[in-house]
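To start, the structure under review is shown below, and the notes come after it.
Each value in this text was obtained by applying a stated rule to the coordinates, not by laboratory testing. Because the structure is a prediction, the values reported are computed rather than measured. Cβ: placed from backbone, ideal geometry, glycine included. Neighbour counts: every protein chain shown.
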Amino acid sequence: MSNLYALFEDRFPVDLTQNFIATKDNKTYSYQDLLSSTSQIAKILSSYKLSKGDRVIFQVKKSPEAIFLYLACLKLGLISVPLNTSYTASELSYFLDDIEPGLVVCDPASPIIKENLLHTRKNISLLTLDKHGKGSLFKSSDNISHPVQATDVVGDDVACILYTSGTTGKPKGAMITHENLSSNALTVHQSWGFNNDDVLLHALPIFHVHGLFVALNCVLLSGTPMIFLPEFNVDDIIKFLPRVTVLMGVPTFYSRLLLHSELNDTSLKNIRLFISGSAPLLKEMSDDFYAKTGHRILERYGMTETVMIASNPLNEERIPGTVGQALPNIAVRITTDDDMTLEAGETGNIQVSGPNVFKGYWRNPEKYQEEFTKDGFFKTGDVGFLDNKGYLTIVGRSKDLIISGGYNVYPKEIESIMNALDGIHESAVIGVPHPDFGEGVIAVVVKENNKKIDESNLKILLKQELATYKVPKRIFDISELPLNVMGKVQKNTLRERYNSVFDT
Ligand code: MLC
Ligand code: AMP
């Protein structure tokens with residue numbers, strides 16, 4: 001069964017009146033609703049003369065209808081390209097030009113509409129979908145009566161393209177196939193023991209691997225319900241926790257929950273599993289959470305290009321500070337910079353191979369070649385070591401990447417924008433410990449003629465170009481950046497100097 005949608009459909013409950021989604025305001029959608037809405041959207045999409053392999057960008061708020069749109073794309077063999085709802089016009093322009101979509105579905109407040117980004121880009125159809133699941137997407141369905149069959153795809157066909165930024169250049173679109181997603185979904189679903197009694201609390205965004213694939217796949221393969229919140233809000237999590245068995249989140253979810261006075265036996269009464277990923281979960285936080293709740297958070301490791309790679313076990317020992325062992329059928333090894341495999345206990349580059357590893361970067365074969373070893377392992381850019389039992393500890397990254405509250409921020413992108421601003425000579429962007437986001441983004445700038453910076457004006461300028469989570473939380477001026485003998489900025493020196501700016 002090659003089409004991921006067909007795999008899901010095969011696992012739907014026999015009784016289709018069973019719940020698939022309950023929303024924050026207690027609206028419910030059954031599996032029958034999923035089937036009929038997905039078919040309705042598939043009919044609409046097929047009336048736009050889109051063919052297999054055409055790209056559909058969606059930049060929409062989280063709603064059940066957004067999920068049905070994604071499922072309809074899978075069904076038709078169209079390639080979904082979900083984009084962060086906080087992207088600015090300049091970020092979106094790049095994606096539109098790079099991906100050349102046949103159709104864009106966006107929120108009515110998106111810069112795609114507000115700034116008329118499709119005006120000069122012809123041959124792209126535009127539909128809207130708002131946070132209530134309403135919009136022109138549905139208005140065009142009235143006259144369509146023909147039924148739509150699932151399109152035949154082979155496992156190697158691309159299901160989704162997710163952008164992941166480059167350390168040197170512009171974001172690259174990672175092409176993730178139906179087979180990557182199906183194999184990973186089945187593995188993860190089984191490893192975490194998902195069953196008919198589960199109810200998932202879904203509070204993640206749906207434009208990344210974590211919320212769109214890992215969480216949703218487990219629900220759809222079990223044919224069970226989820227409580228689908230529009231965003232993470234700690235009071236809502238506490239409110240809905242007693243109704244669920246599993247929560248998936250980034251470490252910030254758990255650090256905020258720990259601070260909540262109502263995290264107690266009542267809120268935890270039905271929970272069987274807390275899962276964390278997308279960013280490092282500090283051992284101390286895992287221990288504090290265990291002490292407070294009796295639950296050892298299950299930490300796992302993944303990335304856009306590979307979906308899930310490793311996980312702590314469901315039933316065996318979960319070791320805090322590690323991301324567990326490689327998942328079944330996935331190989332993880334640690335190597336030197338020239339790809340020689342290292343022994344257990346030795347620290348080096350983390351490399352991965354398996355059916356989960358993506359097909360390549362959209363229209364960028366050179367980049368794909370660079371990221372693979374001669375024997376076909378993907379270079380993750382993460383650094384770590386394996387112990388004798390195969391548990392992986394991530395100790396750092398060889399890529400210049402900051403992970404803030406589970407979102408990836410690439411310093412190069414921000415530095416390029418800052419350096420082009422009037423009055424700025426040069427800049428360096430780094431991540432330093434942040435009590436809520438794990439790492440907080442800060443910038444250090446050298447002004448032309450050594451003038452003082454006006455931090456708040458600079459932030460306003462940056463917000464025009466960058467999604468808010470990328471905008472440095474603090475900006476400091478410095479007379480010159482520390483350089484090594486090669487003339488490269490010594491970011492470690494800067495990180496040491498600004499290490500405690502977010503201390504409370
Ligand atoms: C929001 N802001 C952030 C931020 N999220 N800044 C830095 N880092 C973040 N992660 C900005 C807001 O725009 C706002 O800016 C200010 O910070 C305060 O926001 P907030 O209200 O405190 O944030 P909140 O809306 O509560 O969001 C925090 C969060 C969210 C942690 C809930 O960021 C989130 O849902 N993160 C999950 C990301 C994710 O799904 N990653 C998975 C990637 S997949 P201002 O200027 O308006 O005040 C992957 C693979 C894998 O990595 O392994 O899973
Ligand atoms: P993304 O490109 O958004 O998919 O982010 C992937 C990156 O997130 C990985 O390369 C890791 O650096 C990081 N990551 C994901 N899960 C974990 C984890 N459990 N611990 C530490 N880092 C993680």
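The local environment of residue 133, defined by Cβ-Cβ distances under 15 Å, has a net charge of +2 under the rule Lys, Arg +1 and Asp, Glu -1. Here the extension length gained between residue 243 and residue 436 equals 66.9 nm, from 0.36 nm per residue of separation less the Cα-Cα distance. Near residue 425: Cβ cut-off under 13 Å, other residues only, Lys/Arg at +1 and Asp/Glu at -1. The net charge is -4. Computed from the Cβ-Cβ distance with R0 of 45 Å, the FRET efficiency linking residue 269 to residue 503 stands at 0.80. Semi-axes of the equivalent ellipsoid for the stretch 334-413, computed as √(5λ) from the eigenvalues of its C-alpha gyration tensor and ordered from largest down, come to 22, 18, 12 Å.
Once R0 is set to 41 Å, what does the formula 1/(1 + (r/R0)^6) return for the Cβ-Cβ distance between residue 233 and residue 426, expressed as a FRET efficiency to the nearest 0.05? Show your work: numbers first, answer last.
On the way: r = 39 Å, r/R0 = 0.95.
Efficiency, rounded to the nearest 0.05: 0.55.
Do any of 52/412; 170/473; 114/170; 62/122 go past 29 Å between their Cα atoms, and which?
Numbers: 52/412 35 Å; 170/473 22 Å; 114/170 24 Å; 62/122 27 Å.
As for pairs spanning more than 29 Å Cα to Cα, those are 52/412.
Working from Cα pairs under 8 Å separated by at least six residues, relative contact order for the stretch 402-497 is 26 percent.
Note on residue 314 and residue 346: the extension gain reaches 8.9 nm, defined as 0.36 nm multiplied by sequence separation minus the Cα-Cα distance. Look at where the Cα atoms of the stretch 89-106 and of the stretch 348-385 average out, and the two centres are 26 Å apart. Here the spin labels are modelled as points 7 Å beyond Cα on the Cα-Cβ line, and at residue 19 and residue 150 they lie 2.6 nm apart. Modelled this way, with points 7 Å down the Cα-to-C-beta line, the labels at residue 366 and residue 492 are 3.1 nm from one another. With the simple model of a label 7 Å out from the Cα in the direction of the Cβ, residue 115 to residue 261 spans 4.4 nm. What shape does the stretch 1-153 have by the C-alpha gyration tensor, where a ≥ b ≥ c are the square roots of the eigenvalues, rounded means a/c under 1.5, and otherwise prolate means a/b greater than b/c and oblate the rest? Since a/c reaches 1.5 and a/b is larger than b/c, the shape of the stretch 1-153 is classed as prolate.
In this structure, the residue pairs whose Cα-Cα separation is over 26 Å, taken from 27/470; 24/61; 447/470, are 27/470. Quick one: grab the alpha carbon gyration tensor of the stretch 220-349, order the square roots of its eigenvalues as a ≥ b ≥ c, and give me rounded if a/c is under 1.5, else prolate or oblate depending on whether a/b is larger than b/c. Prolate, since a/c reaches 1.5 and a/b exceeds b/c. Residues 421, 76, arranged from fewest to most other Cβ atoms within 10 angstrom of their Cβ, appear as 421, 76.
Equivalent-ellipsoid semi-axes for the stretch 164-220 (Cα gyration tensor, √(5λ), whole Å, largest first): 26, 14, 8.
State, to one decimal in nm², a quarter of the convex hull surface area for the C-alpha atoms of the chain, i.e. the direction-averaged projected area.
Working: hull surface 97.3 nm².
Computing the convex hull of the Cα atoms and averaging its projections yields 24.3 nm².
As a proxy for reagent exposure, 425, 119 were ordered by neighbouring Cβ count within 10 angstrom, fewest first; the result is 119, 425.
Protection proxy ranking for 284-292, 182-190, 365-373, using the average of other Cβ atoms within 10 Å per residue and placing the highest first: 182-190, 284-292, 365-373.
Entry note, the chain: relative contact order of 12 percent, from Cα contacts under 8 Å with a spacing of 6+ residues.
From most to least packed by mean Cβ count within 10 Å, the peptides 294-305, 269-280 give 294-305, 269-280.
What is the ratio of the Cα radius of gyration of the stretch 402-497 to 2.2 N^0.38 Å, with N the residue count, to two decimals? Present the calculation step by step, with values, prior to reporting the outcome.
Numbers: Rg = 12.8 Å, N = 96, 2.2 N^0.38 = 12.5 Å.
Normalised by 2.2 N^0.38 Å, the Cα Rg of the stretch 402-497 equals 1.03.
What separates the Cα centres of the stretch 231-270 and the stretch 400-478 is a distance of 32 Å. Counting only residues at least eight positions apart within a chain, or on another chain, the aspartates and glutamates with an alpha carbon under 20 Å from that of residue 452 are 415, 422, 426, 477, 480.
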